[in-house]
Amino acid sequence: MTANIRKIVIQVDETRKEMGRDITPPTRRAVAIAVIENPYAGRFSENLDELIAIGEELGALLGQKAVKALGIEPGQAQSYGKAAIVGENGELEHAAAILHPKLGAPLRVAVEKGAALVPSAKKRGTLGTAIDVPLGHKDAAFVRSHFDAIEARVSDAPRANEIVVAVAVTDSGRPLPRIGGLQASEIKGEDGLR
């Protein structure tokens, strides 16, 4: 199944100053968003294979676009996350079908490795609905400096028969992290936790 994509939106957030302090290098987060037609809108289906296949396709496409937007090599990506907003003629399970079974594997290829689970969020909404895409370190879930989120929103989506799918990637953690815990420099990346 190939996603029927109405539009793609790419956004880069770059923080250069925080609390009057320079952030050098700046912290950068990118979110790549696809607005797609929901092939199951308005009907119940026991089988959601079309959306599962679309999730795999979008994991690669949006992961690559987010890395490219940051202007980094895949291995330089530090955090990732995913989210979806289903229009009113769909159901929450449609977002789950896109996000969970197969989106993660091609996203991990796009960012090199990715031992940790990909944080996710899903909801139902209408035009202009926003969602916070949760972020966590791609190789070690316990790295507190990388617990974050970036908002994804498309002003004219999702329409009733659409789904907004977002993938976020960062090249760093939060600006000025100082709450302790496992440091990025201490990651082993073997079990996805530490």
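Before moving on, here are some points about what is shown:
- Cβ-based exposure ranking for LEU92, LEU48, LEU193, in which fewest neighbours within 10 Å come first: LEU92, LEU193, LEU48
- When the chain is treated as a GNM with alpha-carbon contacts under 10 Å, the residue of GLY20, GLY114, GLY180 showing the greatest mean-square fluctuation is GLY20.
- Taking LEU99, LEU62, LEU117 as the candidate residues, the one with maximal mean-square fluctuation in a Gaussian network model of the chain, Cα springs under 10 Å, is LEU117.
- ARG21 paired with ASN47, simple spin-label distance in nm, labels 7 Å along Cα-to-beta-carbon: 5.6
- Relative contact order [Cα under 8 Å, 6+ residues apart], region 48-136, whole percent: 42
- Computed from label points 7 Å out along Cα-Cβ, the spacing between VAL12 and GLU186 is 3.2 nm.
- ³J(HN,Hα) computed for each position of region 172-184 - Karplus, 6.51 cos²θ - 1.76 cosθ + 1.60, integer Hz, glycine/proline x: 6, x, 5, x, 6, x, 7, 10, x, x, 4, 8, 4
- Of SER155, SER79, the sequence from fewest to most neighbouring Cβ atoms within 10 angstrom is SER155, SER79.
- Mean residue ellipticity at 222 nm, helices only, the chain: -6000 deg cm²/dmol; runs of at least 4 DSSP H residues each add -39,500 (n - 2.57), and the sum is divided by the number of residues.
- Relative contact order (percent, whole number), the chain, Cα cutoff 8 Å, 6+ residue spacing: 27
- Put a dot 7 Å past the Cα of THR2, heading toward its Cβ, do the same for LEU193, and the two dots end up 4.3 nm apart.
- Secondary structure note: in the chain, about 90% of the DSSP beta bridges are antiparallel.
- Structure remark: mean-square fluctuation, Gaussian network model of the chain, C-alpha springs under 10 Å; the largest value among ARG174, ARG16, ARG43 belongs to ARG43.
- Tail fraction, Cα-Cα pairs, region 62-194, threshold 18 Å, whole percent: 53
- Stretched out straight at 0.36 nm per residue, the stretch from SER155 to LEU127 would grow longer than its current Cα-Cα span by 9.5 nm.
- Ranking of PHE147, PHE142 by neighbouring Cβ atoms within 10 Å, starting from the fewest: PHE142, PHE147.
No value in this document is a laboratory result; all are computed from the given coordinates. In this text the structure is predicted, and so the values were computed from the model without any measurement. For neighbour counting, all protein chains shown are included, and Cβ atoms are generated from backbone atoms with ideal geometry for every residue, glycine included.
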